[in-house]
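Values in this text are rule-based calculations from the coordinates and carry no lab data. In this text, all values refer to a predicted model and were calculated from it rather than measured experimentally. Cβ sites come from the backbone with ideal geometry, for glycine too, and all protein chains shown count toward neighbours.
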Amino acid sequence: MTAKTPDQLRDDLVAEIRRYGTFRTDRVEVAFRAVPRHLFLSGVDLETAYAPRVVVTRRAADGTALSSASDPDLVAAMLEQADVRPGHRVLEIGTATGINAALLAELTGPTGHVTTIEIDEDLAAEARGSLTVAGYETVEVIHGDGAAGHPDRAPYDRIVITAGAWDIAAGWWDQLASAGRIVIPLRLHGSGLTRSLALDAVASGRLESRSALVCGFIPLRGTDAHAGRTLALADGVSLRLDHQDTAEEFALRAALDSPAHALWTGQTIHDDEPTGHLDLWLVTTGSRFARLAVDAAARNDRRLTPTPRWAGAAIHDGTTIAYVTLRPVTPDTDELGVTAHGPQAADLAAHLADLLHRWRKEGPSNPLLTARRTGTLDNQLPAGYHLDRPNSRLTVSWPR
């Protein structure tokens, strides 16, 4: 069998993304057909370079991913969110391989300009070289802390963040054009719960989301970096919490050693239903939200079965953990359930089941997120669930 050429592999990748229904405009699809991904991924074989998955390009000593080429489907979805037009001035935070900067350059065209910032000097140099080789030498690659932005080219019609951010940095607030848009994978809970938000500037010091996509990204590094809190509860089992959660590890470790209390709700969901934001909705109920991460061995040994559909969505009370489960009813329908461990297992399981009933009854689907600059008074905030960050006051609401 003859190996496929880069052009053929690129066509295959575009066809796969189209199959997902991600492309909404011809502009983004044309950009994907134009950018030679393999020129940005030295040392990676052609099939992997054009595979529809994340390609990790650098790891820390402990194996943690430091840089990657993001899942192409997610990249396409975020570019659709950004709605970049010819002539736009674009600031990208997180250059990594340079692939996304090349796509942005295709979208801005010869009358626009792309500035991209990378905190790692070696990565910045590699991306600069790859962009030049691939024919995108007009892209300006800056080595620096992306939180500061790049005021020399401001204001920007679009700011695109390609790492998980805890906040909207002051530099991005300052450098966004008055009618601009920022696309940002914003971490809305310390457990890592992240949404790619398309935020439009609708007034001075005020941004409002146009869309929210479930996603996961390597966390932003630099002055605005933020880490959550992870408790190791057993071999292969951890609980990811908000950094402000004061839960004690020994109490929750003990909880897992207690018998499981299972409760099925009678509520069913179809595979095609828009239910991706259940975990964010649970956060906005004021529950002590967490994510229960369980590897394959621990699932078998301990019979822990948090559903991957919401990445181990759970709540806890400091001594007891309750997590969301699913069991099949038909080939494309599942029943929602709850499993709890700990001294208050029956009560916490019932509470989480009640929340799931409420969620199904209220039917919230897509969140609306608004952002105000720090210093905005409480009485000037819209109704909803409020999250205060160093540079921003965020509100999550659920319009029907």
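Relative contact order of the chain, taken over Cα pairs closer than 8 Å and 6 or more residues apart, is 10 percent. Once you keep just the Cα pairs under 8 angstrom separated by 6 or more residues, what percentage relative contact order results for segment 6-215? Reported as a whole number, the value is 15 percent. From largest to smallest, the equivalent ellipsoid semi-axes obtained for segment 224-284 from the alpha-carbon gyration tensor read 26, 21, 10 Å.
Neighbours of L13 by Cβ distance under 14 Å: Lys/Arg scored +1, Asp/Glu scored -1, total -1. Relative to the longest principal axis of the Cα atoms of the chain, helix 72-82 runs at roughly 80 degrees. GNM remark for the chain: springs join alpha carbons under 10 Å apart, and the peak mean-square fluctuation among R89, R53, R372 falls on R53.
Taking other residues whose beta carbon is less than 15 angstrom from the beta carbon of R58, and scoring Lys, Arg as +1 and Asp, Glu as -1, yields -4.
What translational D, rounded to a whole number of µm²/s, comes out for segment 229-362 from Stokes-Einstein when the hydrodynamic radius is the Kirkwood one over Cα pairs, at 20 °C and 1.002 mPa s?
145 µm²/s
Other residues within the sphere of radius under 11 Å centred on the Cβ of D378, judged by their own Cβ, net out at +1 (K and R +1, D and E -1).
Ranking S287, H88, A262 by how far each Cα lies toward the positive end of the dipole of the chain (charges on Cβ) leaves S287 at the top. The shape of segment 6-215 comes out rounded: with a ≥ b ≥ c from the C-alpha gyration tensor, a/c is under 1.5.
Inter-label distance, R153 to T64: 2.9 nm, where each label sits 7 Å from its Cα along the C-beta direction.
Note on T48 and R210: their simple-model spin labels are 3.7 nm apart, each label 7 Å out from Cα toward Cβ. With label points built 7 Å along Cα→Cβ from the Cα atoms of H270 and V329, find their separation and express it in nm. Placing both labels 7 Å along Cα→Cβ, they lie 1.2 nm apart.
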